Every structure is written in C-alpha cells, then in structure tokens.
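Working notes, beginning with the structure itself.
The values are calculated or read from the model by the stated rules, or taken from the named source; none is laboratory data. What you see is a predicted model, and the numbers here were worked out from it, not measured in a lab. Glycine also receives a Cβ, built like all others from the backbone with ideal geometry; neighbour counts cover every protein chain displayed.
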Amino acid sequence: MDSKDINMKRRSLMATLFGTAVTGVAASSTIAQAAPAPAKVPIPVQEIGKLKLSEEEWKKRLTPAQYDVLRREGTERAGTSPLNNEKRAGVFHCSGCDLAVFTSDMKYESGTGWPSFFTTIPGAFETSTDYKLIYPRTEYHCARCGGHHGHVFNDGPKPTGQRWCNNGVALVFKPA
Ligand SMILES: [Zn+2]
C-alpha cells in the first residue's frame, strides 16, 4: 500500500467521521455536474376578465371532448391525457379561453391518471360544491370563461395539501 492509498483511506474515514461537512461538499459538486433543473417559471400577470359565449359559439370553438368537459362538466377517462407525462417547464392554459391557470412548478405526479397540481395561478379558478356523487366535492372552473376543469381534494402534497385534479383536455400546455 503506498502513501496515496493510505491518503484515500484516511479521506474516506474522515468522510465517515465528519459525514455532514464532507458529504455536503460532495453533494454540491454532484449537483454542479448534473443537468440543470428546469427553470422556475414566473407566474404570468394577466387580466382575467370574463368571456361569455352562446352554446353554439362554444360548440364551434371547442372539440367535442373539450365541450363535454368544459361546458358539460364531463370527466375524461383516467390515463388518457398526454399531459399526464408533461414534465417540461411551461404554463398550462385553459383550453376554452387561454387563461393561464397553472405553471409547471405547480404540477406533481398523483398517480390518479389525471394531471394534478398542488396549487393554481392566483385567481385562475372559482369553485362550487358538486353533489353528483354521494359525497359533496369541490368543483372548480375557469374564472374567465366558466369552463369546468376538475375537482380539488385535500389529499395533496406539501406545502398546500391540495390536489387539483384536472381534466387534461381542459388544458393547453405552452413550453417556456
Ligand atoms: Zn377558460
């Protein structure tokens, strides 16, 4: 064993003894080499306003699947939205009126088969109580066009504990 080996051994012993400090240095150099984390997406500043259209106008503007969810409070089949796997940085907009409703920083993997978020862009949604199932649920809809997006539950992750369970067809994703 030459002196270099002994030095290595000593260094690893030191690493064990002084785990916090040495590991701290190692961890930061690992992060520096890793691919950069997705940039934090700034929350868009926007005028919400109101968009009111007739049923005929909505039918012309939306696809049948969008119309069913947004205007008829339908629910898309779980696992069908390509947005379930959308992990890029960007902003999710209402597919009815283009209002920015979530940023990618608000999205998380809930495992439900619907795009899920732990919070929303402030003011993007209004809520109501929905009695379609046996138990009451909190329905939410776009503050601009009134289009139904999904339901919000209290079993989400920190820091809010909220799970905004959104129909993917009600959203349009725009990469940052
Ligand atoms: Zn909308």
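Observations, loosely collected:
- Going through (1) within 13 Å of the ligand (Cβ to nearest atom); (2) within 18 Å of P82 (Cβ to Cβ); (3) not aromatic (F, W, Y) one by one, C97 falls short only on (2).
- Reported count of residues in the range 124-137, each being loosely packed, with under 15 Cβ neighbours inside 10 Å, assigned to a strand (DSSP E or B) and without any contact (Cβ under 8 Å) to a residue 24 or more places away in the chain, is 3.
- Residue match in the range 84-100 (condition: assigned to a helix (DSSP H, G or I) and at pLDDT 95 or above): yes
- Subset tally (residues that are among the hydroxyl-bearing types (S, T, Y) and not in a loop (DSSP other than H, G, I, E, B)) for the range 101-120: 4
- Matching residues, the range 67-82, being assigned to a helix (DSSP H, G or I) and more than 16 Å from the ligand (Cβ to nearest atom): P82
The rows are residues; the columns are (1) away from the ligand (no atom under 12 Å from the Cβ); (2) on the phi < 0 side of the Ramachandran plot; (3) assigned to a helix (DSSP H, G or I); (4) under 13 Å from the mean Cα position of the chain (by Cα).
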position: W58; (1), (2), (3), (4): no, yes, yes, no
position: A65; (1), (2), (3), (4): yes, yes, yes, no
position: P122; (1), (2), (3), (4): yes, yes, no, no
position: P157; (1), (2), (3), (4): yes, yes, no, yes
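- Scanning the range 159-169 for residues that are over 22 Å from S95 (Cα atoms) and either touching a strand residue (DSSP E or B) at 6+ places or on another chain (Cβ under 9 Å) or within 13 Å of the ligand (Cβ to nearest atom) (or both) gives a single hit, Q162.
- Condition check for F117: within 14 Å of the ligand (Cβ to nearest atom) and either on the phi < 0 side of the Ramachandran plot or loosely packed, with under 14 Cβ neighbours inside 10 Å (or both): no
- Residue count for the range 146-166, restricted to those that are buried (at least 22 other Cβ atoms within 10 Å of the Cβ) and over 16 Å from M106 (Cβ atoms): 2.
- V172 over 22 Å from T63 (Cβ atoms) and touching a strand residue (DSSP E or B) at 6+ places or on another chain (Cβ under 9 Å): no
- Residue within the range 92-104 that is in contact (Cβ under 8 Å) with a residue 12 or more places away in the chain, among the polar types (S, T, N, Q), in contact with a helix residue (DSSP H, G or I) (Cβ under 8 Å, 6 or more places away or on another chain) and over 21 Å from P175 (Cβ atoms) present: no
- Selection within the range 124-147 - within 12 Å of the ligand (Cβ to nearest atom), farther than 23 Å from N85 by Cβ and out of contact with any His (no Cβ under 7 Å at 6 or more places or on another chain): A143, R144, C145, G146
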